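Below: one structure, written as structure tokens.
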Amino acid sequence: MVVTADPAGMPPVRAAAPAIILSDVMRVFREADIETIALRGIDLEIPAGEFVAIMGRSGSGKSTLLQLLAGSDRPTAGRVVVDGLDLSRADERERAALRGRHVGIVFQSGNLVPFLDLEENVRLAAELAGRPIDRAAARVSLAGVGLDGREHRRPTQLSGGEQQRAALAAVLATTPRIILADEVTGELDSSTARQLLDLIGRVHRDARMTLLLATHDPNVAERADRVLELRDGRIVSERRPR
């Protein structure tokens, strides 16, 4: 917690710690004698409940940044703190627990199990996160993203937009505090993308989850509270669209 003084002499106000802190983060990939610098000294704080869009061309470092925040990769240098856990020092068990219980990840591909129906996919996601739910709760999660009546369909029987909504339902069933979304509209037509973004925006407003969304589409970024632009592994600009 951060304690701030009240000029009127009232008791001090305790401000919640940021959901995400990055301090001088670098990520360097080495293969034989070839060195690729993906992130170059990133400093960033994201308050709990903020919606941040991360923009940049392919190769700018967006996906690498999300992988570090998910705990699926480690920084070469610097500190990555997510929901109070220093991922730079955490072991694999601690990082897996964070991913399972506090951080939800939505991939561009949807990441659904193709031979399970939607209800089974949602229940599996919740079980893997250590928060098992029954069929009724899984159906509620699917209904919340507009997929009521489709619980027994398999991912291959859905459109791209429906698959992304099902993936979001599976993430929401784990009740995460932070959601990381990587180019979730990249393979959708403009109308379907808009519907998915409307849904994500509603989820963010209702649950006040911290949301990081990597995108190359400026129309997507305009929905965020804050927009960061990455270029060659550095944050080169920051703005608030609204």
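Table for the structure above
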read-out: Among residues of the range 201-235, those that are over 24 Å from Asn111 (Cα atoms) and assigned to a strand (DSSP E or B), counted; value: 8
read-out: Every residue from the range 151-177 that is surrounded by 22 or more Cβ atoms within 10 Å (Cβ to Cβ) and within 12 Å of Gly104 (Cβ to Cβ); value: Ala167, Leu168, Ala169, Ala170, Val171, Leu172, Ala173, Thr174, Pro176
read-out: Output for the range 67-111, where each listed residue is in a helix (DSSP H, G or I) and over 12 Å from the mean Cα position of the chain (by Cα); value: Glu92, Arg93, Glu94, Arg95, Ala96, Ala97, Leu98, Gly100, Arg101
read-out: From Asp148, Asp198, residue being over 19 Å from Asn111 (Cα atoms), without any contact (Cβ under 8 Å) to a residue 40 or more places away in the chain and outside any loop (DSSP other than H, G, I, E, B); value: Asp198
read-out: Close pairs (8 angstrom Cβ cut-off, 6 or more residues apart or separate chains): modelled with pLDDT of 90 or more in the range 105-133, hydroxyl-bearing (Ser, Thr, Tyr) and crowded, with 16+ Cβ neighbours inside 10 Å anywhere; value: Val122/Ser141
read-out: Subset of the range 63-88 (residues that are among the charged types (D, E, K, R) and either on the phi > 0 side of the Ramachandran plot or in contact (Cβ under 8 Å) with a residue 60 or more places away in the chain (or both)); value: Asp83
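The values are calculated or read from the model by the stated rules, or taken from the named source; none is laboratory data. Source: prediction; values computed, not measured. When we count neighbours, we look across all protein chains shown, and the Cβ atoms used for this are built from the backbone with ideal geometry, even at glycine.
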